[in-house]
Amino acid sequence: MSAIDWDLVRSSLWPLGRELLRGTLPLTAVSFTLGLALAVLVALMRLSGNRLISAPARAYVSVIRGTPLLLQLFIIFFGLPSLGVTIDPWPSAIIGLSLNVGAYASEAVRGAILAVPRGQWEAAMTVGMGRVTTLRRVVLPQAARIAVPSLSNTLISLVKDTSLVAVVTVTELLRQAQIIAGQTFEYFTLYGVAAVYYWVVSLVLSFGQTRLETRLSRHVAA
Amino acid sequence: MSTPLLEARGLVKSFGANHVLRGIDVQVPAGSVTCLIGPSGSGKTTVLRSLNGLETPEAGTVRIGDVELDWAARPDARAVSRLRGQSGMVFQAHNLFPHLTVLDNVISGPVFAQGRPSAQAQEEARALLTRVGLADKADAYPVQLSGGQQQRVGIARALATKPQVVLFDEPTSALDPELVGEVLRVMQSLAADGWTMVVVTHELRFARQVADQVLFLDGGVVVEHGPPSEVLVEPREARTRQFLQRLLDPL
């Protein structure tokens, strides 16, 4: 008996692919978008000279980076109901993943903002821009380019981290593979197909990263 | 004598124990060119950057037109930016925005900061680019230009907000020697057009030909000031003579 059941591979391609499209990818897209917005906010808070603003941001990053994502999902879905807060599976998953992305990406965004030369701020101020306009028009566009490699890492990690939300009863790619494997006992085959799906997604994203880096580096000296 | 357009009095500033400005007075009449010269560490760049609040002096006043700031009263960011709005600045390292085209660099002040209509700002920006000899580079990005061209864009950007005074911080010091002339010629023609300019520079020939007054700074004080024919040709102070001698004959 061979380790791989090719008929099962073919017949599970669509059930697994469907959960990739219905679960994994939307979870990734929504959590990354929300997480990135959070990351910019947190990065700006950490850069504030006001301790009342920077301290909560620092605490948030410390807690999220210092505890397992799996545990954070448990707390949101199973822990909060004891405090009277009940959140549905999908929102729980998105909150957990977004908070996670927000913490990790905020460090990348903060580093990128700090990497924009001081002279850019000064030039913007001397043509009359205030802090907000300078950030929006001058600093963040340049910081984005600097942050792309590290944000791409965060995104690719996120694709794989979505597999953890099976524990809060959200069905996505890995959960679906578990379900079919449980019925057929073909663990190697099903988990192998799931692994290939994850890998292909991260290949596509890596390719996108390279294209984006090239595009954003157009106007920058080598 | 009429009131000068720009007037700084008693500027004092220290970085830790290092007293960089020890009571500086500057008066700049409208339409005149003032050159600040002096050895490195003399405080000349700090003086210039105090005129638009990029540095924060501990004491002293700066007035441009009818906008006055008393540094000792710890002005808030809004007051500083009001003063800053009276001048434009050209940096040693040009500090162009690398992600914007030449044209967008020039309209960045008028459009992003002053909120003026883009079409009108573009028209004026193209006129300014023609003025600095770069009409054909409007759609280029800064990285595609030579150092001299980048600096001329920097000048156009500084003029675009229609400032009362243009501040130049060693505008040619970072340039290859053969590119210095094209920048100085643009500055010379601006002076001829009546722009009020304050220039920190090591270009003595420029100072002699274009400046209306020269201030020689050393150790955080104005050692000597007057028309270039006096300060640069027949300096009264030994320190000024020494400095000029070193510039003329570095060996």
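Based on what the data block shows, is residue B:128 without any contact (Cβ under 8 Å) to a residue 40 or more places away in the chain, out of contact with any Pro (no Cβ under 9 Å at 6 or more places or on another chain), open to solvent by 10 Å² or more (accessible area, probe 1.4 Å) and among the hydrophobic types (A, V, I, L, M, F, W, C)? It is true that residue B:128 is without any contact (Cβ under 8 Å) to a residue 40 or more places away in the chain, out of contact with any Pro (no Cβ under 9 Å at 6 or more places or on another chain), open to solvent by 10 Å² or more (accessible area, probe 1.4 Å) and among the hydrophobic types (A, V, I, L, M, F, W, C). Is there a residue being open to solvent by 50 Å² or more (accessible area, probe 1.4 Å), in contact with a Lys or Arg (Cβ under 8 Å, 6 or more places away or on another chain) and closer than 25 Å to residue A:116 by Cα anywhere in the range A:31-45? Looking through the range A:31-45, none of the residues is open to solvent by 50 Å² or more (accessible area, probe 1.4 Å), in contact with a Lys or Arg (Cβ under 8 Å, 6 or more places away or on another chain) and closer than 25 Å to residue A:116 by Cα.
Among the residues making up the range A:75-88, those that are open to solvent by 80 Å² or more (accessible area, probe 1.4 Å) and within 21 Å of residue A:158 (Cα to Cα) are A:75, A:88. Report whether or not residue A:125 is open to solvent by 40 Å² or more (accessible area, probe 1.4 Å), within 14 Å of another protein chain (Cβ to nearest Cβ) and in contact with a helix residue (DSSP H, G or I) (Cβ under 8 Å, 6 or more places away or on another chain). Spelling it out, residue A:125 is indeed open to solvent by 40 Å² or more (accessible area, probe 1.4 Å), within 14 Å of another protein chain (Cβ to nearest Cβ) and in contact with a helix residue (DSSP H, G or I) (Cβ under 8 Å, 6 or more places away or on another chain). If only residues of the range A:143-159 that are within 26 Å of residue B:107 (Cβ to Cβ) and surrounded by 21 or more Cβ atoms within 10 Å (Cβ to Cβ) are counted, the one that is nearest to the other protein chains (Cβ to nearest Cβ) is A:145. Taken residue by residue, the range B:230-250 has at least one member that is within 22 Å of residue B:7 (Cβ to Cβ), surrounded by fewer than 16 Cβ atoms within 10 Å (Cβ to Cβ) and either acidic (Asp, Glu) or free of Cβ contacts under 8 Å to residues at least 24 places away in the same chain (or both).
Exactly one residue among B:47, B:12 is buried (at least 22 other Cβ atoms within 10 Å of the Cβ) and modelled with pLDDT of 95 or more, and that residue is B:47. Selection of the range A:109-122 for residues being under 15 Å from residue A:45 (Cβ atoms), surrounded by 17 or more Cβ atoms within 10 Å (Cβ to Cβ) and either within 14 Å of chain B (Cβ to nearest Cβ) or among the aliphatic types (A, V, I, L, M) (or both) yields A:109, A:113. Please specify each residue of the range A:56-70 satisfying the condition of being in contact with a helix residue (DSSP H, G or I) (Cβ under 9 Å, 6 or more places away or on another chain) and either in a helix (DSSP H, G or I) or within 19 Å of residue A:24 (Cβ to Cβ) (or both). Residues satisfying the conditions are A:56, A:57, A:58, A:60, A:61, A:62, A:63, A:64, A:65, A:69, A:70. Being without any contact (Cβ under 8 Å) to a residue 12 or more places away in the chain and surrounded by fewer than 18 Cβ atoms within 10 Å (Cβ to Cβ) is true of residue A:187.
Taking the stated definitions as given, is residue A:174 more than 14 Å from chain B (Cβ to nearest Cβ), modelled with pLDDT of 95 or more and assigned to a helix (DSSP H, G or I)? Criteria not met by residue A:174.
Considering the range B:131-149, the residues that are away from chain A (no Cβ under 11 Å) and assigned to a helix (DSSP H, G or I) include one that is most open to solvent (accessible area, probe 1.4 Å), namely B:136.
Kindly indicate whether any position in the range B:64-84 is assigned to a strand (DSSP E or B) and in contact (Cβ under 8 Å) with a residue 40 or more places away in the chain. Checked the range B:64-84: at least one residue is assigned to a strand (DSSP E or B) and in contact (Cβ under 8 Å) with a residue 40 or more places away in the chain. The residue list B:112, B:168 contains one member that is closer than 24 Å to residue B:37 by Cβ and among the aromatic types (Phe, Trp, Tyr), which is B:168. Yes or no: residue A:17 closer than 18 Å to residue A:196 by Cβ and at pLDDT below 95? Here the answer is yes, as residue A:17 does meet what is asked.
The values are calculated or read from the model by the stated rules, or taken from the named source; none is laboratory data. Because the structure is a prediction, the values reported are computed rather than measured. Here Cβ is always computed from backbone atoms with ideal geometry, including for glycine, and neighbour counts include all displayed protein chains. Protein only, heavy atoms only, side chains kept; ligands, DNA and RNA dropped before computing areas. Shrake-Rupley method; radii C 1.70, N 1.55, O 1.52, S 1.80 Å.
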